[in-house]
Amino acid sequence: MATPTYTATQILNELRIEVIAGLGGKSLAPHADAALEAFYRPKIQKRLDDGGDWDKEKASPKLVARHLGQILAILTVGAEVTAAVAQVGANAIRADENCPAGGGGGLWCF
């Protein structure tokens, strides 16, 4: 059986689903979504280029993506997350202990 091959876009879409789930009914403004994608796409592509195995390592980054959504929801007063809040959340999520640097999915994380 061949190993599935993922693109950065497919992985970003999986992570986006988790972020949205974490938002608890709030939404990402288009510019906030674009800002997060621009920030994370190079990191995800680097991990793919370095031989990362998304099937084996995705549990932690997906959990961290959901946490990111929860952080964004907390920081957002209205119904829509702005790009400024998205950037603050992206910086804060780096401290999430569920995605440490190294193996176990950490290299996919933010």
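The values are calculated or read from the model by the stated rules, or taken from the named source; none is laboratory data. The shown structure was predicted, so the numbers you read here are calculated from the model rather than taken from an experiment. Backbone-built Cβ (ideal geometry, glycine too); neighbour counts: all protein chains shown.
Based on what the data block shows, is V64 surrounded by 14 or more Cβ atoms within 10 Å (Cβ to Cβ) and either within 19 Å of N13 (Cα to Cα) or modelled with pLDDT under 90 (or both)?
In short, yes.
Only one of A21, A29 is modelled with pLDDT of 95 or more and in contact with a strand residue (DSSP E or B) (Cβ under 6 Å, 6 or more places away or on another chain). Can you tell me which?
A29
For region 82-110, give me the residue count where each residue is at pLDDT 65 or above and either part of a loop (DSSP other than H, G, I, E, B) or touching a His at 6+ places or on another chain (Cβ under 7 Å) (or both).
Summing the residues that are at pLDDT 65 or above and either part of a loop (DSSP other than H, G, I, E, B) or touching a His at 6+ places or on another chain (Cβ under 7 Å) (or both) in region 82-110 gives 9.
Is it fair to say K56 is assigned to a helix (DSSP H, G or I), modelled with pLDDT under 95, touching an Asp or Glu at 6+ places or on another chain (Cβ under 9 Å) and basic (K, R)?
No, not satisfied.
How do the pairs read when you match residues in region 14-28 that are within 11 Å of V81 (Cα to Cα) with residues anywhere that are in a loop (DSSP other than H, G, I, E, B), using Cβ under 6 Å and keeping only pairs 6 or more apart or on different chains?
Listed by first residue and then by second, the contacts come to K26/T76; K26/A79.
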